[in-house]
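Participant: This structure is in structure tokens; I'll ask about it shortly.
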Amino acid sequence: MTIEKFQQMIADGLPLEGTEMINFMRQQSAQTRRVLMDLNTNYHTDEEIVRLFCEITGTEVDPSFRMFPPFYTDFGKNIHLGKNVFINSACQFQDQGGIFIGDGCLIGPGTMMATLNHGFEPEHRQNMTHAPIVLGKGVWTGAHVTILPGVTIGDNAIIAAGAVVAKDVPANTIVGGVPAKVIKEI
């Protein structure tokens, strides 16, 4: 299994199941944890953080990217960032299904983005389904927001602290609550 084959499976909507898939995801997770250990336990300049995040994602990250560690991810290779993105401390990205963050987004501390789910029936519990999370340009998530698989958040939307976002969010709105609902337009 390669990253390219994995990403094609995600794009094709294929399930993440079987021994080869599980072993591949475990191998990638081990590589990512090594980099995260360095990122999260040592002081790094902004430039060093960008370099380490490039290592985590396996892609070029724009030099305008900023982050306050610690940061957590269980895969890393399916995180896609625009320009001028800021990720605050203690965020956790479960990115196998794909996380796409647009230009100018501000990700509040403790934000959790989950792109995977497990089968509901006990005999399928080890199998996983996936759906991407997409944040448009200029999205701001408050502290301790949770965004669930398959959610798209429109440009310039604001997600209030503590919200659980289970459905798409229209552009230029503020949402909050559990589950998140539109509070007002901006």
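The values are calculated or read from the model by the stated rules, or taken from the named source; none is laboratory data. Given the structure is predicted, the values throughout are model-derived calculations rather than measurements. Note that each Cβ is placed from the backbone with ideal geometry, even for glycine, and that neighbours are counted across all protein chains shown. Just so you know, the surface numbers come from the protein's heavy atoms only, side chains and all, with ligands and any DNA or RNA stripped out. Shrake-Rupley method; radii C 1.70, N 1.55, O 1.52, S 1.80 Å.
Participant: Checking the conditions here, which among LYS167, LYS184 is open to solvent by 40 Å² or more (accessible area, probe 1.4 Å) and within 17 Å of the chain's Cα centre (by Cα)? Even if it seems obvious, please write down each step before you answer.
Facilitator: Numbers: LYS184 fails: within 17 Å of the chain's Cα centre (by Cα).
Checking each option against the conditions leaves just LYS167.
Participant: Here's something else I'd like to know. Hey, does segment 107-121 have a residue that's open to solvent by less than 60 Å² (accessible area, probe 1.4 Å), modelled with pLDDT under 95 and more than 13 Å from the chain's Cα centre (by Cα)?
Facilitator: yes
Participant: Mind checking whether some residue in segment 37-58 is in contact (Cβ under 8 Å) with a residue 60 or more places away in the chain and surrounded by 12 or more Cβ atoms within 10 Å (Cβ to Cβ)? Lay out the reasoning, then the answer.
Facilitator: We begin by selecting, within segment 37-58, every residue in contact (Cβ under 8 Å) with a residue 60 or more places away in the chain; these are none.
No, segment 37-58 has no match at all.
Participant: Mind counting the residues in segment 137-149 that are part of a loop (DSSP other than H, G, I, E, B) and either open to solvent by less than 40 Å² (accessible area, probe 1.4 Å) or in contact with an Asp or Glu (Cβ under 8 Å, 6 or more places away or on another chain) (or both)? So that I can check it myself, show each step before the final result.
Facilitator: As a first pass, look at segment 137-149 and keep what is part of a loop (DSSP other than H, G, I, E, B): 137-139, 142-145, 148-149.
Within this subset, residues satisfying the condition of being either open to solvent by less than 40 Å² (accessible area, probe 1.4 Å) or in contact with an Asp or Glu (Cβ under 8 Å, 6 or more places away or on another chain) (or both) are 137-139, 142-143, 145.
Qualifying residue count for the region: 6.
Participant: Continuing with this model, one more query. How many of the residues making up segment 150-163 are closer than 19 Å to ILE79 by Cα and open to solvent by less than 50 Å² (accessible area, probe 1.4 Å)? Walk me through it before giving the result.
Facilitator: Restricting attention to segment 150-163, the residues satisfying the condition of being closer than 19 Å to ILE79 by Cα are 150-155.
Now drop any that are not open to solvent by less than 50 Å² (accessible area, probe 1.4 Å), which leaves 150-151, 153-154.
Looking only at that region, the number is 4.
One line per residue, one yes/no per condition, for (1) among the aliphatic types (A, V, I, L, M); (2) under 21 Å from ASN78 (Cβ atoms):
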| residue | (1), (2) |
| --- | --- |
| ALA143 | yes, no |
| LEU148 | yes, yes |
| VAL165 | yes, yes |
| ASN172 | no, no |
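Participant: Name the single residue, out of those in segment 99-115 being part of a loop (DSSP other than H, G, I, E, B) and of a type in the set (Gly, Ala, Ser), that is nearest to GLY138 (Cα to Cα).
Facilitator: Residues of segment 99-115 that are part of a loop (DSSP other than H, G, I, E, B), as a first pass: 102-105, 108-111, 115.
Subset that is of a type in the set (Gly, Ala, Ser): 102, 104, 108, 110.
Numbers: GLY102: 7, GLY104: 5, GLY108: 13, GLY110: 19 Å.
Residue satisfying both the conditions and the ranking: GLY104.
Participant: Let me ask something else about it. For the subset of segment 118-137 comprising residues that are among the charged types (D, E, K, R) and without any contact (Cβ under 8 Å) to a residue 40 or more places away in the chain, which member is nearest to GLY97 (Cα to Cα)? Spell out how you get there, then give the answer.
Facilitator: Looking only at segment 118-137, we keep the residues that are among the charged types (D, E, K, R), and these are 121, 123, 125, 137.
Then drop every residue that is not without any contact (Cβ under 8 Å) to a residue 40 or more places away in the chain, which leaves 121, 123, 125.
Details: GLU121: 21, GLU123: 22, ARG125: 17 Å.
Within segment 118-137, the match that is nearest to GLY97 (Cα to Cα) is ARG125.
Participant: Could you tell me which of the residues ALA11, ALA30 is within 17 Å of the chain's Cα centre (by Cα) and free of Cβ contacts under 8 Å to residues at least 60 places away in the same chain?
Facilitator: Working: ALA30 fails: within 17 Å of the chain's Cα centre (by Cα).
The match here is ALA11.
Participant: A follow-up question, please. Need a quick list: helices (runs of 4 or more DSSP H) entirely within segment 1-78 having at least 3 residues that are closer than 18 Å to GLN92 by Cβ and touching a Leu at 6+ places or on another chain (Cβ under 9 Å).
Facilitator: On the way: elements: 3-11, 19-41, 46-57.
Here the list reads 19-41, 46-57.
Participant: Somewhere in segment 89-98, is a residue in contact with a helix residue (DSSP H, G or I) (Cβ under 8 Å, 6 or more places away or on another chain), surrounded by fewer than 18 Cβ atoms within 10 Å (Cβ to Cβ) and not in a strand (DSSP E or B)? Steps first, please.
Facilitator: Residues of segment 89-98 in contact with a helix residue (DSSP H, G or I) (Cβ under 8 Å, 6 or more places away or on another chain): 96-98.
Applying the additional criterion that residues be surrounded by fewer than 18 Cβ atoms within 10 Å (Cβ to Cβ) yields none.
Looking through segment 89-98, none of the residues is in contact with a helix residue (DSSP H, G or I) (Cβ under 8 Å, 6 or more places away or on another chain), surrounded by fewer than 18 Cβ atoms within 10 Å (Cβ to Cβ) and not in a strand (DSSP E or B).
Participant: Can you tell me which of VAL134, VAL182, VAL178 is in a loop (DSSP other than H, G, I, E, B) and among the β-branched types (Val, Ile, Thr)?
Facilitator: Working: VAL134 fails: in a loop (DSSP other than H, G, I, E, B); VAL182 fails: in a loop (DSSP other than H, G, I, E, B).
Answer to the selection: VAL178.
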